[in-house]
Amino acid sequence: MGKSGTPRDRRLYFEQAALPHLDALYSAALRLVRNPDDAKDLLQETVLRAYRCFHQFTPGTNCRAWLLTILYNIFRTAYRRGAREHVGLTSEEFEHEIEAQSLADRGSSDPERLVMERSAMRLIERALNALPEEFRETLLLVDLHELNYQQASDALDIPLGTVKSRVSRGRALMRSALEKLAVVPGKTGT
Amino acid sequence: MNCRVYIREFLSAHADGELSGRERTAADDHLRGCARCQASFAEEHRVKTLIRAETPLTRVPADVRLRIRAALGEVADVALNGHRTDPRRAGSFPARRAMRAIRWIEARPLRVALPFAALASMILLIALGVGRFGTRDSVPNVPATPVFDLATASFDGLARGFTPNVAAESARRGDGAYYAWVVDRDSNGGRSDESADLGRAYHEAGVPEEIYDFTSAGYGLYGGRIDESVDGRPMTYTLYRGEKGEILSICMHAPGFAAPVGARYWAGTHTFFEYKDRSLCLTFSPAGHFVSILVAQEPVADLLRDVTLADASSSAS
């Protein structure tokens, strides 16, 4: 179906292929624009553009990667200027931020809060949120959304080699942050 | 290759399966002789897995889902009828558009001459065994089959990036959303409590409980999803993972669907096809015009064996 079906077949096929990825797209949109209203608009615009361009999608390829590429394209052209000005720690600032959080945890007298803050999910969230944006975006595409390097390169519109170096550097920063925040790889499971 | 080069140039790409053949061979050779880099490799995998497992996706609010479906309806209408409305405003009429989609599904003519009842009778006649529909050369090719296209596209889209959305407790909230089901990724499968809960959740959603026990075939239950199909009815996706890859089970309401020609094997109520480089197992549910389709990358003969084993395991339990 897909390319050769009737418009109704095409819509059915599109819905079956694309709509299972709505939560992934919305999560990515929220991280990019950082407020729910803009994220909803970005999501809707992405889905509609994907539907109009569905003839360009190759059946059998990764639909989520294709949709994320469209989402990032729209974000770069229509949303980025307003959304990005307040974010973006450098690697050095990231190290300081994690160090400060770690010290605050150690100085905390509230054991309940400490347990919560040291759950694996919360630690990953804290480390990811503090991570410099270019590393966070790349790691989330590769690790959370399971895109390969070429697909991440297409989505972010950056060279393949840059994806490779960002993944490497991003994971190193995450590993360091998780150690400081007391998740020792291999000893999680909280 | 020394440790410095391995860590700086190869580690992440090695963990991500992104090295070329020669690079991978060199990296594997280095790892075999270096305990320190083996530990770094394990840590790299651990961070990758933690990010995947501990970063939850945010569910799209129900009203936004409706708005998007309605907007898609508007775009489709433009293609069909030539009249244009603003898709951004289309969310105010979701119910009308949902009804239109249902009418369309119900009005679809039978695409294949062999009706469901005749097929079911035929399957019942041969239900006690396993057989092959001729040799590969004598079996006609499977014609283009939209339901199979949906199944293979779903497999390609979901098999690796699967996010379960069904609660083990099968609780549905007032807003229609299901609680996230935290998958036991270390589960070795089997007829666990999770599979029983998943089956119950499907049942409560009005979809047949199509849960297989592929443990003996080397696949574990990974998780399930309940989504809405285009006719507004619930449909389910169940993913099984193992060393050989994935098997995705899709169960959907398909009242006008009949099996296409070109089946390779039959086993009980299952019919097996090769379709677009995938192996498919088609099963008609006895009630409610539901079909279940298993999609796998493994050869169709292997899928036949795995399903037969799963059925045997289910009968024995």
With the requirement that a residue be at the interface with chain B (Cβ under 9 Å from one of its Cβ atoms) and either part of a loop (DSSP other than H, G, I, E, B) or among the basic types (Lys, Arg) (or both), what does the stretch A:32-53 give you? A:Lys40, A:Arg52
Spot the failing condition for B:His83; the list is (1) more than 10 Å from chain A (Cβ to nearest Cβ); (2) at pLDDT 55 or above, and only one is missed. (2)
Find the residue count for the stretch B:259-273, including only residues that are out of contact with any Ser or Thr (no Cβ under 9 Å at 6 or more places or on another chain) and buried (at least 19 other Cβ atoms within 10 Å of the Cβ). 1
Quick count over the stretch B:66-75, residues being closer than 30 Å to B:Tyr222 by Cα and within 7 Å of another protein chain (Cβ to nearest Cβ), is 1
Tabulated pairs, the stretch A:13-25, first facing another protein chain (nearest Cβ under 7 Å) and within 15 Å of B:Ala151 (Cβ to Cβ), second among the aliphatic types (A, V, I, L, M) and not in a helix (DSSP H, G or I), C-beta under 7 angstrom, 6+ apart or interchain: A:Tyr13/A:Met1; A:Glu15/B:Val230
Only one residue in B:Arg264, B:Arg233, B:Arg305 is on the phi < 0 side of the Ramachandran plot and within 14 Å of chain A (Cβ to nearest Cβ). Which one? B:Arg233
When both residues are 6+ apart or on different chains and their Cβ atoms are under 7 Å apart, which pairs have a first residue that lies in the stretch B:3-24 and is within 8 Å of another protein chain (Cβ to nearest Cβ) and modelled with pLDDT of 90 or more, and a second that is surrounded by 13 or more Cβ atoms within 10 Å (Cβ to Cβ) and not in a helix (DSSP H, G or I)? B:Ala13/B:Leu19; B:Glu18/A:Asn148
Condition check: more than 14 Å from chain A (Cβ to nearest Cβ) and either more than 23 Å from A:Gln16 (Cα to Cα) or modelled with pLDDT under 80 (or both). Does B:Ala168 satisfy that? yes
Any pair with Cβ under 9 angstrom, 6 or more apart, that starts in the stretch A:149-171 at a residue that is more than 20 Å from A:Thr46 (Cα to Cα) and touching a residue at least 60 places away in the same chain (Cβ under 8 Å) and ends at one that is assigned to a helix (DSSP H, G or I) and hydrophobic (A, V, I, L, M, F, W, C): A:Arg169/A:Phe135
Filtering the stretch B:194-217 down to residues that are at pLDDT 85 or above and more than 22 Å from B:Leu150 (Cα to Cα) yields B:Asp213, B:Phe214
Limited to the stretch B:246-282, what total is found for residues that are among the β-branched types (Val, Ile, Thr), in contact with a Pro (Cβ under 9 Å, 6 or more places away or on another chain) and under 21 Å from A:Gln16 (Cβ atoms)? 0
The condition from (1) at the interface with chain A (Cβ under 8 Å from one of its Cβ atoms); (2) surrounded by fewer than 20 Cβ atoms within 10 Å (Cβ to Cβ) that B:Val47 misses is numbered (2)
Flagged in the stretch B:142-165 as modelled with pLDDT of 80 or more and of a type in the set (Gly, Ala, Ser), in numbering order, are B:Ala144, B:Ala151, B:Ala153, B:Ser154, B:Gly157
Sole residue being at pLDDT below 75, surrounded by fewer than 23 Cβ atoms within 10 Å (Cβ to Cβ) and in a loop (DSSP other than H, G, I, E, B), chosen from B:Val230, B:Val183: B:Val183
Residue satisfying condition, being among the hydroxyl-bearing types (Ser, Thr, Tyr) and modelled with pLDDT under 85, within set A:Ser102, A:Ser27: A:Ser102
Which one of B:Leu294, B:Leu303, B:Leu282, B:Leu221 is under 17 Å from B:Gly157 (Cα atoms), assigned by TED's automatic domain parsing to the domain that holds B:Gly199, touching a strand residue (DSSP E or B) at 6+ places or on another chain (Cβ under 7 Å) and at pLDDT 85 or above? B:Leu294
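The values are calculated or read from the model by the stated rules, or taken from the named source; none is laboratory data. Bear in mind the structure is a predicted one, so any value in this text is a computation, not a measurement. Positions of Cβ are generated from backbone atoms using ideal geometry, with glycine treated the same way; all protein chains shown enter the neighbour counts.
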